[in-house]
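> This structure is in structure tokens; I'll ask about it shortly.
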């Protein structure tokens, strides 16, 4: 191998090692789901209440309806990929991070090349998936940048989040145990609704995705919040 080629390979290996190191140092969020039923939007004593009979079925927005400026509803518990392996476990349990970023990526770019499973493959290959612990927060910063997106960490202040949403910049939030999760969970906040609350895309619940939410509640339970735009 020529000297210049060796240097190029060496630089490439160093870049991969650096990305893996960043991913290992970044916080990790796991999420849990249940592909066997649709989780209800209410929790009681740490357990999700049984789904009601009129709860919508788990159906993600079909790919032929994905378009720039239109946020799809994608669910990690969708049977079409819920049993796929990711991060040492089932996608239904571990896949909230890639699913959230897939929705934001489609919304901002209009591209259809990264569905939740393909985003999970990108996460794994780039070192952001962790065995049975979920997805590194670095997927939402370094990983997003690799995909041509710009992300910015925002303070948990309702007026700041509202300004971002009104500017067309969707949010991904890491939620602590509480209203949305028992263990930690990534959700997408798409926009403000006419009732003054936020439209949420929760990949683990059709019910929680079909209603609006107070930004004050989201801020109170969020561990970290990123705003996204096309780079």
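> Normalise the Cα radius of gyration of the range 55-155 by 2.2 N^0.38 Å (N = residues in it) and let me know the number.
1.03
> In nm, to one decimal, how far is the modelled label at residue 214 from the one at residue 166, with both set 7 Å along Cα→Cβ?
The modelled label-to-label distance comes out at 2.0 nm.
> Next question, about the same structure. Dimensions of the range 63-230 along principal axes (Cα, Å, largest first)?
Taking max minus min along each principal axis of the Cα atoms, the range 63-230 gives 38, 32, 27 Å.
> Provide the gained length on full extension for the span residue 152 to residue 59, in nm with one decimal, where the gain is 0.36 nm per separating residue minus the Cα-Cα distance.
Gain on stretching residue 152 to residue 59: 30.4 nm.
> Another one. With 10 angstrom as the radius, rank 96, 31 by how many other C-beta atoms surround their C-beta, starting from the fewest.
31, 96
Read-outs throughout are calculated quantities, based only on the coordinates presented, and are distinct from any laboratory measurement. Note that the structure is predicted; figures quoted are calculated from it, not measured. Positions of Cβ are generated from backbone atoms using ideal geometry, with glycine treated the same way; all protein chains shown enter the neighbour counts.
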